[in-house]
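All remarks here apply to the structure that follows.
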Amino acid sequence: MRWTAVMADARLAEAVGFDSLWVPDHFAMDDAWDPPFEGARPEAIRPDDPLSASWEAWSILAGLAVATSRVELGTLVTCTGYRNPALLAKIADTVDEMSGGRVILGVGAGDHWSEHERFGFRLDRPVGRFEEALQIIRPLLREGSVEFDGDHHRAFRAVLDPRGPRPTGPPILIGALGTGPRMLRLTVEYADLWNGWFVFNEEDPSSAIETAVSRVDAACAARGREPGTLAKTIGVSVALDGAEAAGGSIAGSPRAVADRLRGLAEIGVEHVQILLAPSGERGIARFADVLELLDSGR
């Protein structure tokens, strides 16, 4: 999509009642999520693989901060390996200033092998790199300064000055495709919101989502955090009126979709990111019917 189309869709989404807009942080993806063999080098990338390419996420988010006035703006999610973590905190606080305090900083460890290779980013020890990035990003946003010297990242008397509109910076969302103990621990320790993405690809989306939410709540309890202080968010695919969407999607009429979304709220989901089919202006306008049903309680 050209920027003019992105901006038009964003303004329409805000006008019909969406609460937030989310931008992925990918540059050029093919099907090579994992190395084709152990120790694979960049030469293993096939030059004729079709690519799904995007604009740079934070540039788009900065534009949306100016183009909109009400909706929250989030990354779903920023790979902390794609930018120096202290710089990422500075970028997030800057865009938060531009938006008047509407940014949600969604972060993750990174998961696409060939994209890292194409753009020269390291992917070894991703969770260890992610944990160190969080040890820089969170104190910079919350306290305005940090000093850190790790195996992968360092920051020497880094400061955020000037500060954005919120004294403790934007909230931090951690997106975890897996629910292993290490990523759950980092989510409990560093996040204000948790996001489960791809959960909707299960054959029974509601059951899979409920299981994932329960695991996150249990991880909170195990580390002495009140589960209610960590907001639960879920990315789901929504197919309206026979449109084709990803497997395990919520599908059907606006009323059927509204009923399913209410069901997610009942199991503890506080915010839902919609991968919409049909996409673009047609899908946004049609989803307005779902929003009306939700807002009216009908």
**Study point:** In region 121-158, the residues that are in contact (Cβ under 8 Å) with a residue 40 or more places away in the chain, open to solvent by 50 Å² or more (accessible area, probe 1.4 Å) and either among the acidic types (Asp, Glu) or within 19 Å of residue 169 (Cβ to Cβ) (or both)
**Key:** 138
Practice item. Name every residue in region 211-231 that is open to solvent by less than 70 Å² (accessible area, probe 1.4 Å) and of a type in the set (Asp, Glu), in order of residue number. Key: 217
**Study point:** Pick from region 273-297, criterion without any contact (Cβ under 8 Å) to a residue 40 or more places away in the chain and of a type in the set (D, E, K, R), ranking: least open to solvent (accessible area, probe 1.4 Å)
**Key:** 289
Point to revise | Residue that is most open to solvent (accessible area, probe 1.4 Å), among those in region 235-272 that are within 16 Å of residue 296 (Cα to Cα) and hydrophobic (A, V, I, L, M, F, W, C) | key: 265
Study note, to complete from the structure: Note on region 58-81: residues in a loop (DSSP other than H, G, I, E, B), aliphatic (A, V, I, L, M) and open to solvent by 20 Å² or more (accessible area, probe 1.4 Å) are 76, 77
Practice item. For residue 117, work out the one condition from (1) surrounded by fewer than 18 Cβ atoms within 10 Å (Cβ to Cβ); (2) among the acidic types (Asp, Glu); (3) within 25 Å of residue 150 (Cα to Cα) it doesn't fulfil. Key: (1)
Point to revise | Matching option when the condition is modelled with pLDDT under 80, surrounded by 11 or more Cβ atoms within 10 Å (Cβ to Cβ) and not in a helix (DSSP H, G or I), among 33, 55 | key: 33
Check your understanding: Has region 15-28 got at least one residue that is at pLDDT 85 or above, outside any loop (DSSP other than H, G, I, E, B), of a type in the set (S, T, N, Q) and surrounded by 13 or more Cβ atoms within 10 Å (Cβ to Cβ)?
Key -> yes
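Does residue 189 count as more than 28 Å from residue 265 (Cβ to Cβ), open to solvent by 10 Å² or more (accessible area, probe 1.4 Å) and modelled with pLDDT of 95 or more?
no
The values are calculated or read from the model by the stated rules, or taken from the named source; none is laboratory data. Note that the structure is predicted; figures quoted are calculated from it, not measured. Using ideal geometry, Cβ is built from the backbone for each residue, glycine included, and neighbour counts are taken over all protein chains shown. Side chains included, ligands, DNA and RNA excluded: accessible areas come from the protein's heavy atoms. Shrake-Rupley method; radii C 1.70, N 1.55, O 1.52, S 1.80 Å.
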